[in-house]
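> One structure coming up, written as structure tokens, with questions to follow.
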Amino acid sequence: MARSSLSRLAWRPLGLLLCLSLCAPPLATAQLPSLGGGEGMTLGAERRLGDQIARELYRDPDYLDDPVLQAYVEDIWLSLMQAARSRGELSPDQDERFAWEVVLGRDRQVNAFALPGGYMGVYLGLIAVVANRDELASVLGHELSHITQRHISRLMSKEGQQTPLMIAALILAALAASKSPDAASALMVGGQALTLQNQLRFSRDMEREADRVGYGVMTQAGYDGQGFVTMFDKLQQASRLNDNGAYPYLRSHPLTTERIADMQARQQLKDVGPVPTTLEHSLIAARARALSSSNIDQQRQWVAEPDAAGFAALPVNRQAGVLYTAALAARQLRDYPRARQWAIRLQDKVRGNPEAQRLQTWLLCEIDLAAGRPETAARLPLSTQGPRPALFLAVQGRLAQGVSAEVEAAAETLQTWVTLRPHDASAWQMMAAAWRAVGKPLRALRAEAEAQVAHFDYSAAMDRFKAAQDMVRRGGEAGADHVEASIIDTRAREVGLLLREQSAQR
Ligand SMILES: [Zn+2]
């Protein structure tokens with residue numbers, strides 16, 4: 001058994017997985033009920049299962065809340081959901097009860113996966129490799145359709161004998177195994193590895209349905225259906241070149257000639273060649289590329305790329321992407337003068353293109369923040385109306401400058417933001433830092449607690465609530481904040497109940 005490979009697994013519940021895999025009776029494939037007949041899990045049960053899985057994903061070191069990439073993917077995701085709604089693919093019940101959250105993973109693999117309860121995992125490798133929004137929308141539309149068509153719940157119902165925790169563990173193990181294929185054999189005992197793969201695989205009919213529904217949803221949302229065809233081409237080419245598991249999306253979604261033929265038939269009247277990339281997408285893909293690698297040699301290579309012969313001959317979108325990756329890589333290497341130099345050179349390439357200009361501005365703010373020049377980010381307005389990356393940069397700029405009135409204004413703005421978006425853990429965390437900076441530790445503790453609640457870590461949240469209650473008991477200035485103290489008591493009771501429910505599910 002390859003013990004050494006275990007340490008490479010990033011998933012925290014590893015001990016749990018091993019324990020359950022060893023203790024649970026082998027799953028007997030032959031005795032499973034057939035797929036067609038079952039109703040599947042209830043929406044509520046599927047959502048609870050999804051929350052359990054999401055909780056582990058949020059704890060994973062590879063989990064990444066990058067506001068820029070998150071906003072880009074979410075924008076596509078929300079437009080697809082809207083289309084699914086208007087086509088009647090997404091039932092009001094499911095709409096309301098599922099999470100519909102995109103969870104990004106800092107992984108170079110080209111992969112995206114629908115999880116129970118409306119969670120959607122997307123690896124940076126996918127964002128880096130797609131040529132435009134349309135290709136990304138084709139993958140997300142396909143995955144969304146696995147969710148709306150209740151394919152996941154039907155797969156899960158095959159696990160009828162298993163507890164939700166066991167199913168969550170199986171899914172996490174499958175994800176871990178897809179990241180590190182040789183670890184699969186270490187995790188799974190006997191025939192379980194194979195059984196697991198079979199259990200969690202969508203049937204061919206499900207794949208065809210997800211293609212058909214996904215195509216309808218993405219074209220209705222205004223994306224070019226050609227993105228579906230070029231994405232298939234891309235994956236197929238990649239599988240020819242490279243069959244070592246670097247494209248796990250293929251393993252879970254085998255490209256049968258049948259699926260490709262179906263898709264070409266859908267598109268045949270509109271065969272207009274590949275959809276061109278946009279300047280904005282080139283920068284987004286460049287960001288995903290830069291953030292998915294922590295390899296220093298690779299980053300150095302990227303930093304040098306704009307100087308290389310041949311750069312000038314590249315099309316402008318490519319030049320912009322190369323400059324963006326170079327600037328971000330230089331920032332990661334803490335070579336701030338170089339990072340700035342490339343970010344400023346990027347300015348010429350994005351002029352006249354508002355989406356790309358915005359990305360360049362945020363990049364420069366980010367570099368200057370790291371370089372100890374917070375004034376660039378602090379110039380951005382504090383507004384809950386604009387995009388999330390801009391708000392976060394505006395807050396970080398003010399926090400770094402440390403002018404009390406400004407930091408307090410930042411905390412208040414975030415307060416408004418989280419009232420509308422209580423699941424935004426990063427906003428709660430930033431708010432905690434802002435309240436602490438202006439000497440309001442009670443509010444800071446509550447914000448920290450809410451950040452944990454947003455990621456379903458109720459036990460960590462209770463620790464913060466208790467610390468806050470202790471602080472109130474000790475009196476002093478914190479004890480005088482009666483309104484906050486009463487909110488904390490109420491929230492501590494509510495979260496205490498959630499914690500008990502969570503423990504009872506185990
Ligand atoms: Zn699929």
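> In Å², and per residue, what accessible area does the stretch 399-506 have when probed at 1.4 Å with the other protein chains present? Intermediate values should be presented prior to the final figure.
Details: 5380 Å² over 108 residues.
Counting only protein heavy atoms, the per-residue value for the stretch 399-506 is 50 Å².
> Aspartates and glutamates within cross-link reach of Lys234: Cα-Cα under 20 Å, excluding same-chain residues under 8 positions apart?
Reachable aspartates and glutamates: Asp107, Asp134, Glu135, Glu143, Glu207, Asp211, Asp224, Asp243, Glu258, Asp262, Asp271.
> Just the number: Rg to Rh for the stretch 407-452, Cα atoms, Kirkwood Rh, two decimals.
Values: Rg = 9.1 Å, Rh = 9.8 Å.
My calculation of the ratio gives 0.92.
> Which value, in debye to the nearest 20, gives the size of the charge dipole of the stretch 397-479 about its Cα centre, when Lys and Arg are +1 and Asp and Glu are -1 at the Cβ?
Numbers: 10 positive and 10 negative charges, 37 e Å.
Here the stretch 397-479 has a charge dipole of around 180 debye.
> Per the 1.4 Å probe, what fraction of the accessible area of the stretch 273-408, in percent, lies on carbon and sulfur atoms? Walk me through the intermediate numbers first.
Numbers: 3080 of 6130 Å².
Carbon plus sulfur share of accessible area: 50 percent.
> Now for a different question. Which percent of the accessible area of the stretch 41-117 is formed by carbon and sulfur heavy atoms (probe 1.4 angstrom)?
Working: 1220 of 2740 Å².
Within the stretch 41-117, the accessible surface is 44 percent carbon and sulfur.
> Sort Glu450, Glu501, Glu89, Glu477 by heavy-atom solvent-accessible area, probe 1.4 angstrom, most to least.
Values: Glu450 10, Glu501 110, Glu89 45, Glu477 160 Å².
The ranking, largest first, comes out as Glu477, Glu501, Glu89, Glu450.
> Just want the answer: with Cβ charges of +1 for Lys and Arg and -1 for Asp and Glu, which residue in Trp428, Ser404, Trp417 is farthest toward the dipole's positive end in the stretch 402-456?
So the residue furthest toward the plus end is Trp428.
> Follow-up question, since we're still on this one. Return the equivalent ellipsoid semi-axes of the stretch 359-506 as a descending list in whole Å, where each equals the square root of 5 times an eigenvalue of the C-alpha gyration tensor. Write out the running numbers ahead of the final one.
Values: eigenvalues 179, 68, 27 Å².
Each semi-axis is the square root of five times an eigenvalue, giving 30, 18, 12 Å.
> I would also like to ask the following. Would you mind computing, in nm to one decimal, how far apart the modelled labels at Asp307 and Leu78 are, each placed 7 Å from Cα along Cα→Cβ?
Those two pseudo-labels are separated by 4.2 nm.
> Of Gln82, Asn132, Ala112, which is farthest on the positive side of the dipole of the stretch 72-165, counting Cα position, with +1 on Lys and Arg Cβ, -1 on Asp and Glu Cβ, and the Cα centre as origin?
Comparing the listed Cα positions along the dipole, Ala112 ranks first.
> While we're looking at this one, here's another question. Using the alpha carbon gyration tensor of the stretch 340-429, what are the three equivalent-ellipsoid semi-axes (square root of 5 times each eigenvalue), largest first, in whole Å? Could the numbers behind the result be given before it?
Values: eigenvalues 120, 50, 19 Å².
Over the Cα atoms of the stretch 340-429, the semi-axes work out to 25, 16, 10 Å.
> Now, a different point. Considering only C-alpha atoms, what is the centroid distance from the stretch 483-506 to the stretch 337-394, in Å?
39 Å
> Sequence gap at least 6, Cα distance under 8 Å: using those rules, report the relative contact order of the stretch 261-394 to the nearest whole percent. Before the final figure, lay out each step's value.
On the way: 146 pairs, mean separation 25.3, N = 134.
About 19 percent, as a whole number.
The values are calculated or read from the model by the stated rules, or taken from the named source; none is laboratory data. Worth saying up front: this structure is predicted, and the values here are computed from it rather than measured. Note that we place each Cβ from the backbone using ideal geometry, even for glycine, and neighbour counts take in every protein chain shown. What goes into the accessible areas is simple: the full protein's heavy atoms, side chains included, and nothing from ligands, DNA or RNA. Shrake-Rupley method; radii C 1.70, N 1.55, O 1.52, S 1.80 Å.
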